[in-house]
Amino acid sequence: MSDRDVEIAVFALLMGVMMVLGFAAARWRQPQSIHSLEEWGVGGRAFGSWVTWFLLGGSMYTAYTFVAVPALTYGVGALGFFAVPFAIATTPIAFVMSARAWSVSHRHGFVTPGEMAGARFGSPGLSALVAVTGIVATMPYVSVQLLSLQAVFKTLGVAGEWPLLVAVGLVSVSTFRSGLRAPALLSIAKDILLVWVVVSGVLIVAMSGGWGTTFRLAADHFARTPSPADGLLLTDAGQVGYLTMVVGSALSIFAYPHAVIAIIAARDRSTVQRNTAALPVYCLALGLMGMLGLFAVANGVVPVGRDLNTVTPQLFHNLLPGWSAGIAYATLGVAALIPAAVMSIAAANAFTRSIYRQYLRPDAGPAEEARVSRWASLVVKFGAVAVILLLDPAYSAELQLIGGAVILQTIPAVLFGLTTAWFHRAALIAGLVTGLVVAVALLYRIPQLGPGGVVVKAHFGGSTYSFGGGVMVYVGLLALLANLLVTVVGTVVLRLAKVPAGVDQTRPEDYTADVDDPMVKRLDDLLDGLPRNPGGAHTRPAVRPLPPQPRVGTVYRRSRP
């Protein structure tokens, strides 16, 4: 067998094993019934420390890390490393906010950010708007995963769109059946393979002259290119764009529905806090993959068909034995499928809870909710394919940044809402709409430039807006500033005018409750060796039951003393 045949065989074998694991996940810690969002959508809210660690890593450190970031550093150099500081800066924000999100979700049974915002500000309309924004923002992020998977197929010499559609179909079927348990189980297998990829990357660099040689050759390459914006060091003008992308991305990443779902699936606050505190460990892999983009430049790696997403798999093809390259391809493939599955589940949950049940079927039961989410998750995956065809950016990392510009507009309602109810619901809605309009308008005006500054595409060509003189600013942050201005000024005006605000359906203690709090429903279907109850999660009565709570949309209004 040739090296290419060995690569294909190993890749196909490992991917086949992963698909079997995805289907088998339906029986992993099987509840009495998976036909509810509590089980299908958030895994019974019972994932322990290890499962949460792998799920968070699998859903947050995606093919964006292993394919899109190396492609960006290969193309522009230092600017591509913005992903490393933003991932590190995200940790303290996530450490505080994720624990508060876990507590309020477990007290009220929320599964989406839209439900949290709607309950906090007493506005079903705000809940629906946050849900729609989250779904729209998630689709470009899913597209990054699909493009990365397609790059692996291209490197293997499999042309056409059909392999990608087959892979998406398989992961769709497995998540349709198993829900969040499928990507949680696959995340464990993915991280085992990831260790091999990281070790392989370190070895091939060491055997090829080390990082000193890499940086010297990469610097010579960028010095010969016609673009003034690339290089191993940031230009003076490029520093503003770099900083705004770091800040904007750090704020946005845990506002995505799929980040929230990985958090509220944990069994207690300490599990959430331990895992968010440890997430910077993954930054080591992120930094290494970014530098592999420079290593590919230094070693003259040529992308397949000028598709920069193929840089990483082509590097492995050139420098690793066939069997080892096959393992690396499988790692990249699984790193694309896992987050695509989690993202589609989270977006589907947002539709079901904040739109379908809120406005279309208020009396929908748990089984109907799960059924609607299953079908909606399929729509999200294939909607991501449409995003690829519509936007088609030069770098797939731009898709994540475009999605980030959209999801950033939910920050006042979702992230700030976890700490304060001061904002007026009408002002939040006005600010969110303003931010979205500004973001889309600016994104529309950004052209995609080719070699020599030639305009390749007139609209939606990137995520940083030029103010002249080479100064670029991340669109998402500009739109968020407009959003906050409208929200703050609007809140002040509406409060001075004594316009009634929505009723906060949460209490301060809701945001600090832990699993031993008598107001939190006890979880019996626990993982990591703890006792299980065949009835599933949320079946044992609380130690001190809540008084009767009339349902308000998808949330519950607590009676006041």
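The values are calculated or read from the model by the stated rules, or taken from the named source; none is laboratory data. None of the values given here were measured: they were computed from a predicted structure. Every residue, glycine among them, receives a Cβ derived from its backbone with ideal geometry; neighbour counts consider all protein chains shown. Surface areas here come from the heavy atoms of the whole protein model, side chains and all, with no ligands, DNA or RNA. Shrake-Rupley method; radii C 1.70, N 1.55, O 1.52, S 1.80 Å.
Filter segment 116-140 for residues that are charged (D, E, K, R) and within 25 Å of Ser396 (Cβ to Cβ) and give the result. Across segment 116-140, there are no qualifying residues. Each residue in segment 390-436 was checked for being surrounded by fewer than 24 Cβ atoms within 10 Å (Cβ to Cβ), closer than 24 Å to Gln448 by Cα and modelled with pLDDT of 95 or more, and 1 pass. Residues in segment 143-163 that are open to solvent by less than 10 Å² (accessible area, probe 1.4 Å), polar (S, T, N, Q) and more than 17 Å from Leu320 (Cα to Cα): Ser143, Gln145, Ser148. Within segment 247-294, the only residue that satisfies the criterion of being part of a helix (DSSP H, G or I), among the aromatic types (Phe, Trp, Tyr) and under 14 Å from the mean Cα position of the chain (by Cα) is Phe254. Report yes if some residue within segment 101-118 is polar (S, T, N, Q) and either closer than 25 Å to Val379 by Cα or surrounded by fewer than 21 Cβ atoms within 10 Å (Cβ to Cβ) (or both); otherwise report no. Yes; the residues of segment 101-118 include at least one that is polar (S, T, N, Q) and either closer than 25 Å to Val379 by Cα or surrounded by fewer than 21 Cβ atoms within 10 Å (Cβ to Cβ) (or both).
Would a scan of segment 233-250 turn up a residue that is of a type in the set (Ser, Thr, Tyr) and open to solvent by less than 10 Å² (accessible area, probe 1.4 Å)? Yes: one or more hits.
Looking only at residues that are open to solvent by less than 20 Å² (accessible area, probe 1.4 Å), hydrophobic (A, V, I, L, M, F, W, C) and at pLDDT 90 or above in segment 299-339, which one is farthest from Leu186 (Cα to Cα)? Looking at the filtered set, the residue picked out is Val301. Under the condition of being aromatic (Phe, Trp, Tyr) and under 19 Å from Pro70 (Cβ atoms), the residues counted in segment 323-347 number 1.
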